[in-house]
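*Asks:* Here it is, the structure in full.
The values are calculated or read from the model by the stated rules, or taken from the named source; none is laboratory data. Note that the structure is predicted; figures quoted are calculated from it, not measured. The protein model used for the area step is the full one, side chains on, heavy atoms only, and it has no ligands, DNA or RNA in it. Shrake-Rupley method; radii C 1.70, N 1.55, O 1.52, S 1.80 Å.
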Amino acid sequence: MTMTNPQNIPNNLVWGILATLFCCLPFGIVSIVYAAKVDGLVSAGDTVGARLASENAKKWAIYAAAASAAIIVLYIIFVFALGGLGALTSHR
């Protein structure tokens, strides 16, 4: 069994903040909450909990980015659908 260095556990706080500011606010906040737990868990010696919190922070930041991308794609589809509908109704 190998021991991992607890200082190598990233807290992913930057990703959580960026996800909150530029992507999806609710998912980004969840990411920040998990990221804020990492350093405290490392200090307490709970490397398993810190690693889990780090993974959750990263996961929720990815969810925020994916949700933002999905909303943008749906918005573009909606705009083109309305534009097409407008074009169809104006030619009558």
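*Asks:* Taking only DSSP H segments of four or more residues, each worth -39500 (n - 2.57), what value at 222 nm results for the chain once the sum is divided by all its residues, to the nearest 500 deg cm²/dmol?
*Replies:* -28000 deg cm²/dmol
*Asks:* Which value, in Å² and to the nearest 10, is the accessible area of T89 when all protein chains are kept and the probe is 1.4 Å?
*Replies:* Roughly 90 Å² of T89 is accessible to a 1.4 Å probe.
*Asks:* Right, here's the next one. By accessible area of protein heavy atoms, probe 1.4 Å, what ranking do W15, W60 get, highest first?
*Replies:* W15, W60
*Asks:* Still on this model: Rounded to the nearest whole Å², what accessible area per residue is found for the stretch 35-92 with the 1.4 Å probe?
*Replies:* 71 Å²
*Asks:* Okay, moving on. Kindly sort S68, S43 by accessible area of their heavy atoms, largest first, with the probe set to 1.4 Å.
*Replies:* Ranked list, largest accessible area first: S43, S68.
*Asks:* What order do I17, I32, I77, I9 take when sorted by accessible area (1.4 Å probe), most exposed first?
*Replies:* Accessible-area ranking of I17, I32, I77, I9, largest first: I77, I17, I32, I9.
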